[in-house]
Structure formats: structure tokens, C-alpha cells
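The values are calculated or read from the model by the stated rules, or taken from the named source; none is laboratory data. Treat the numbers as computed from the prediction; the structure is a model and nothing was measured. Heads up, the Cβs are rebuilt from the backbone with ideal geometry, glycines too, and the neighbour counts pull from every protein chain shown.
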């Protein structure tokens, strides 16, 4: 399969960037279905922001012990959410879900 370079527009800064044929082949090889939506600079900035520990925390009640805890995601699909202690026990098989 042959690819040609594509010019895309960044969703964050609205600048144009090239999605090269080589990158397209890499995306296909990795099973990635969507084209990148951010330019390389904005992708790097976003990666740095996410790795700084600046993730937004959500307050939840542990499904096992009932204590209040914070998790780095928004719970959904009505799946149980555990505090770190109970999560480790669930992972090790000490608590059945």
C-alpha cells in the first residue's frame, strides 16, 4: 500500500503540519485508525502536561470499604471503583468483584 504526504490542521493551534507517508505506514502497522489531530509541537506539549502529574482527580467512594478516595479518571459504565488498598487486594484476588 502506498501513502502520500497529507497536510493536516492542528486542533489546538490551527497550524498546518504534514502527516508523512512514513508516519501513515507506522499508524497502519500499529493498528491506529485515526489521523493525528495535533501538530508535533502540540503533541509534545500535551504529553509533558500529562506526565507532570497535573491530572484532574475525581472524588469517589470505594466500592469495597466505603472510604472516600481520589482517582485520576472519571468513573463510568457503573463499574466499581476502589481505593488503592482495596484495588491491590482485588488485583491479587483477595477480594472477589
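Overview of values
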quantity	calculated
Pair list, Cβ under 6 Å, 6 or more apart: the stretch 1-24 residue at positive phi, other residue loosely packed, with under 11 Cβ neighbours inside 10 Å and part of a helix (DSSP H, G or I)	none
One residue from 17, 3 being part of a strand (DSSP E or B) and over 20 Å from the mean Cα position of the chain (by Cα)	17
Test for residue 7: is it at pLDDT below 95 and out of contact with any helix residue (DSSP H, G or I) (no Cβ under 9 Å at 6 or more places or on another chain)	no
Unique match (being out of contact with any strand residue (DSSP E or B) (no Cβ under 8 Å at 6 or more places or on another chain) and surrounded by 10 or more Cβ atoms within 10 Å (Cβ to Cβ)) among 39, 13, 62	13
Options 37, 24: the member that is assigned to a helix (DSSP H, G or I) and modelled with pLDDT of 95 or more	24
